[in-house]
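> Pasting a structure here, questions to come.
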Amino acid sequence: QSYYLQVAKSPWFSPDAILVDRNGLGSNDFHLTGLTPGTYYWRVRATARSGQTTNWNDAWKFSVVKRESSIRIELTDLKIESVGGGIFIITGKTQPGMAVRSQGRETFALSDGSFKLQVSSQAAEASIEIGDDRGNRAGFVVSLRSGRLMKRY
């Protein structure tokens, strides 16, 4: 059995975005060094000894981060709106370009720092994680009922 691995800067694996294009790998692990901070995508397909080859798997995403500075990530103007059925709209502000995640959903802060995220939860509280591609991260626990910031971590 052998593997064919591709790593790219784009989830569409266009030829100009492919960084690794290796066929005939005999192991299911691969070590890659020298990547600059950013988001990358990888996919693999296998070939059996009989010659039968699988389709490419769905692309997986990974990020390379480098902690360059230790900035304090803020969360302001927090508003939580319950739209019913355990669905909430979370809005707020942070630094522009930050990734904002909660309940398995993700969005990015706009150029003015604002973000809007729709989440589903039956819990009374939710965690909001905010970070950038340089490794800076902050977490916040918020009350979905009152909209108050309860804790920073």
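Please treat every number below as a calculation from the coordinates, not as lab data. Since we're looking at a predicted model, the values are computed, not measured. So basically every Cβ, Gly included, is an ideal-geometry build from the backbone, and we count neighbours across all protein chains shown.
> What does the charge dipole of segment 15-153 about its Cα centre add up to, to the nearest 20 debye, if the Cβ of each Lys and Arg holds +1 and the Cβ of each Asp and Glu holds -1?
Working: 19 positive and 14 negative charges, 64 e Å.
In total the dipole reaches around 300 debye.
> Moving to a separate point now. Multiply the residue gap between Arg101 and Asp29 by 0.36 nm, knock off their C-alpha separation, and tell me the result in nm, one decimal place.
Numbers: separation 72, 0.36 × 72 = 25.92 nm, distance 2.90 nm.
Residue separation times 0.36 nm, minus the Cα-Cα distance, leaves 23.0 nm.
> If we sort 13-24, 102-113 on the protection proxy, mean other Cβ atoms within 10 Å, highest first, what's the order? Intermediate results must be reported in sequence, preceding the final value.
Numbers: 13-24: 11.8, 102-113: 13.3.
In descending order of packing, they fall as 102-113, 13-24.
> So, one more: For Arg72 and Ala123, compute 0.36 nm times the residue count separating them, minus their Cα-Cα distance, and round to one decimal in nm.
Details: separation 51, 0.36 × 51 = 18.36 nm, distance 2.78 nm.
Taking 0.36 nm per residue and subtracting the Cα distance, the gain is 15.6 nm.
> Placing unit charges on C-beta atoms (Lys and Arg positive, Asp and Glu negative, everything else neutral), compute the dipole magnitude of segment 2-64 about its Cα centre in debye, rounded to 20. Present the calculation step by step, with values, prior to reporting the outcome.
Details: 6 positive and 4 negative charges, 19 e Å.
Dipole magnitude for segment 2-64 comes out near 100 debye.
> Under a cut-off of 20 Å between alpha-carbon atoms, report the lysines in cross-link reach of Lys66, not counting same-chain residues fewer than 8 places apart.
Lys9
> What does the net charge come to around Tyr41 if you take all other residues with beta carbon closer than 12 Å to its beta carbon, with K and R at +1 and D and E at -1?
+2
> Something else about it: For the chain, with the dipole built from +1 on Lys and Arg beta-carbon atoms and -1 on Asp and Glu ones, taken about the Cα centre, which of Ile73, Ser63, Met150 lies farthest toward the positive end?
The one lying farthest along the dipole's positive direction is Met150.
> Can you tally the net charge around Glu106? Count Lys and Arg as +1, Asp and Glu as -1, for every other residue whose Cβ sits under 15 Å from the Cβ of Glu106.
Working: positive: Lys61, Arg101, Arg105, Lys116, Arg137; negative: Glu129, Asp132, Asp133.
Net of charged neighbours comes to +2.
> On to the next question. Excluding residues fewer than 8 places away in the same chain, name every one of the aspartates and glutamates whose C-alpha is closer than 16 Å to that of Lys151.
Output for Lys151: Glu74, Asp77, Glu125, Glu129.
> I've got another one for you. Run through all the Cα pairs of segment 76-152 and give the fraction in each 10 Å bin from 0, expressed as whole percent.
The percentages, shortest bin first, are 20, 57, 21, 2.
> Taking the beta-carbon count within 10 Å as an exposure proxy, list Met98, Met150 from fewest neighbours to most. Working shown, then result.
On the way: Met98 23, Met150 12.
Going from sparsest to densest Cβ surroundings: Met150, Met98.
> I need the calculated FRET efficiency for the pair Val83 and Arg152, taking r as the beta carbon distance and R₀ as 22 Å, to the nearest 0.05. If you can, show how the numbers build up before the last one.
Working: r = 26 Å, r/R0 = 1.19.
So the FRET efficiency works out to roughly 0.25.
> Related question: Starting at the first residue of segment 126-132, write each ³J(HN,Hα) from the Karplus equation 6.51 cos²θ - 1.76 cosθ + 1.60 with θ = phi - 60°, in whole Hz, x for Gly and Pro.
Taking θ as phi minus 60°, the curve returns 9, 9, 10, 10, 10, x, 10 Hz for segment 126-132.
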